[in-house]
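First comes the structure, then the notes that go with it.
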Amino acid sequence: MVFLKVKIDEPAIPAIEPVIEPLPVDVPVAAVPHPPIPPPPVDLAVPALPVPPPPPADVVLHRLHRQQEQYDQKWDAKYRELVEYHGRHGTANVPQSEGVLGRWVGRQREAKKKGLPEDRVQLLERLGIDWAPKADVPSWDERLAELTEYLRCHGTTNVSTSNRGGKLGSWVRIQRRLYKSGKLSQDKAEKLNAIGFDFAPKNVQKTFDERFEEILAYKAEHGDSNVPMSHTTLGKFVANLRAR
């Protein structure tokens with residue numbers, strides 16, 4: 001049996017083109033809507049408060065007077081502290097390491113350069129304040145440490161006031177004088193006793209320079225250097241000089 005393959009041509013389907021009808025000329029195109037314009041921002045600033053009128057002149061003067069009184073009271077209180085310090089230590093040149101009082105003294109030196117009132121300048125100079133110290137004065141504890149070192153090296157606390165002993169010798173002499181007058185604090189007396197300090201040395205050998213200064217003081221008082229033998233140990237010193 002034979003099968004025949006027959007090709008049947010299908011009829012072509014014509015393409016359908018879309019028909020676009022033009023809009024009528026008189027029909028308007030819808031406008032694109034825009035967002036509404038926001039209203040201008042409202043000013044939320046707080047209105048400025050009215051400036052109060054300045055106080056009367058008498059009120060201002062009263063306030064300034066009151067402030068000056070308070071400052072004067074504080075100054076007088078510090079000056080009394082300085083007087084007490086001078087009585088204990090024999091000097092008004094308080095080192096900065098002494099704390100509040102030392103810083104106050106430093107401020108007075110600065111105020112002197114800018115115009116410290118003359119009455120206060122005189123009060124401070126009565127105590128022997130040094131307006132331009134070359135170096136900061138050692139504190140009491142620093143001097144005690146120097147004395148301890150002197151004791152270790154020399155075996156005694158009887159420091160000479162000559163050039164060899166220097167300012168330490170003067171400091172030692174001041175401590176003895178304060179102790180004798182009852183003005184040395186108990187705390188400082190205990191610290192000196194702890195290192196075996198001699199508050200009343202009996203046989204302290206004075207240097208030639210110290211004796212010479214005593215002779216000059218005697219001459220200034222009596223008009224000559226003929227110190228009699230009855231004049232304590234200075235008379236004997238002068239007699240020994242003449243006998244050489």
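The values are calculated or read from the model by the stated rules, or taken from the named source; none is laboratory data. Everything numeric in this text was worked out from a predicted model, so none of it was measured. Note that each Cβ is placed from the backbone with ideal geometry, even for glycine, and that neighbours are counted across all protein chains shown. Protein only, heavy atoms only, side chains kept; ligands, DNA and RNA dropped before computing areas. Shrake-Rupley method; radii C 1.70, N 1.55, O 1.52, S 1.80 Å.
General observations
- Percent carbon-and-sulfur accessible area, the range 81-126, ignoring ligands, DNA and RNA, probe 1.4 Å: 46 percent
- Estimated at the nearest 10 Å², the accessible area of Thr156 is 40 Å² with a 1.4 Å probe.
- Looking at the range 74-151, the trypsin sites (Lys or Arg not before Pro) that sit in a DSSP loop and have at most 10 other Cβ atoms within 10 Å of their own Cβ are Lys134.
- Accessible area (Å², 1.4 Å probe, nearest 10) - Ser230: 110 Å²
- Pair-distance profile P(r), taking every C-alpha pair of the range 89-157, with 5 angstrom steps and integer %: 4, 15, 22, 20, 14, 10, 7, 5, 3, 1
- In this structure, Thr156 and Lys191 have a Cβ-Cβ separation that, at R0 = 25 Å, corresponds to a calculated FRET efficiency of about 0.90.
- Rounded to the nearest 10 square angstrom, Trp104 shows an accessible area of 20 square angstrom against a 1.4 Å probe.
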